[in-house]
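A short worksheet on the structure shown next.
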Amino acid sequence: MASIGFSPATDRVGQEVRNRLIFLAGGGQGEAAHPEYFLTLAVKTDTTEVLINESTDRATAGRVTVSADYTLKKASDLSVMRIAHRQAVALVDFPTQEFAKLRAVRDAENRAARELAELISADLASILVRK
């Protein structure tokens, strides 16, 4: 897996997923200088409120979903080896302070991004083992 190149991220959560994938693929050594495979990654984040306090009409809990569509190609001939979609969910409590709520959502995004990277990494390892 150390021979995978990764597409650039387009947002903060996508960068979290990309960084974790690079770490997992390279064993902490960074991205491959001359990759044999190339992974195109499109990450999307969605935050939904799932528990509303009826007396205050404010959400007290939510769910952060981080999903990714990705394509693994051979670098030599650009033949597609795998196209897939994965997603990870992190639950979050919404405090009453606005800054604390923003931090809670950001932390949940980071947790979901790390979990998503683990899922994608396991999928890529299973594909590359069969090559």
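The values are calculated or read from the model by the stated rules, or taken from the named source; none is laboratory data. This structure is a prediction, so every number in the text was calculated from the model and none was measured. Glycine also receives a Cβ, built like all others from the backbone with ideal geometry; neighbour counts cover every protein chain displayed. With ligands, DNA and RNA removed, areas are computed over all heavy atoms of the protein, side chains included. Shrake-Rupley method; radii C 1.70, N 1.55, O 1.52, S 1.80 Å.
Results, tabulated for the structure shown:
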| item | result |
| --- | --- |
| Prolate/oblate/rounded call for segment 1-42, Cα gyration tensor, a/c under 1.5 rounded | oblate |
| Reach of residue 73 by Cα under 15 Å, taken over aspartates and glutamates that are not fewer than 8 positions away in the same chain | 36, 123 |
| Cβ-placed point charges (K, R +1; D, E -1), dipole of the chain about Cα centre in debye, nearest 20 | 420 debye |
| Helix 12-26 axis, angle to the chain major axis (alpha carbon atoms, nearest 10°) | 40 degrees |
| In degrees, nearest ten, helix 98-129 long axis to first principal axis of the chain (Cα) | 30 degrees |
| Å² per residue, accessible surface of the chain at 1.4 Å | 58 Å² |
